[in-house]
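The structure appears right after this line, and notes come after that.
The values are calculated or read from the model by the stated rules, or taken from the named source; none is laboratory data. It should be emphasised that the depicted structure is a prediction, and the values quoted were computed from it without experimental measurement. Please note: Cβ atoms are built from the backbone with ideal geometry, for glycine as well, and neighbour counts cover all protein chains shown. In case anyone asks, the SASA skips ligands and DNA or RNA and just uses the protein heavy atoms, side chains included. Shrake-Rupley method; radii C 1.70, N 1.55, O 1.52, S 1.80 Å.
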Amino acid sequence: MYDEPTAAVRYKEIMGLARKAAEDLRDWERKRIVELESKIAEADRRLDAAAEQETAVQERALRWWRMACDNVDRLSWLEPGEQPSPINSARGDQVDHYVDGLRSAYRNLTEAVANLGWRARR
């Protein structure tokens, strides 16, 4: 007799391996679904936080713009330009740098208006 398995036995082995592979694939897909849903939820949280931060910075910049306009309004010979609009190329990781720049520019404007003296004002 032959030591090799018969075709039926070999078929059963192949089918068993195919079932096992299909079960392993389903298990991996289930785990991957949970992992991806978790990543999506985290990305949604980060997106919401970034949107809130963007809104807060825009409101802050608008407040500084209004205060700058109030300072400039005291000068008869200077008109404020258009209100600045958000820039789409701004980087979220640089927000502190941008805010510091706004704060510094506002401070410089305030000091410059104050240093002009009463003659330059209305």
Pick from R66, R45, R91, R19: which is among the charged types (D, E, K, R), under 18 Å from A105 (Cα atoms) and open to solvent by 80 Å² or more (accessible area, probe 1.4 Å)?
R66
Pick from segment 69-88 the residues that are under 20 Å from A56 (Cβ atoms) and without any contact (Cβ under 8 Å) to a residue 12 or more places away in the chain: which of them is surrounded by the fewest Cβ atoms within 10 Å (Cβ to Cβ)?
N88
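Let's see how each residue does on (1) part of a helix (DSSP H, G or I); (2) at pLDDT below 95; (3) of a type in the set (S, T, Y):
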{"residue": "E23", "(1), (2), (3)": "yes, no, no"}
{"residue": "R60", "(1), (2), (3)": "yes, yes, no"}
{"residue": "R63", "(1), (2), (3)": "yes, yes, no"}
{"residue": "P86", "(1), (2), (3)": "no, yes, no"}
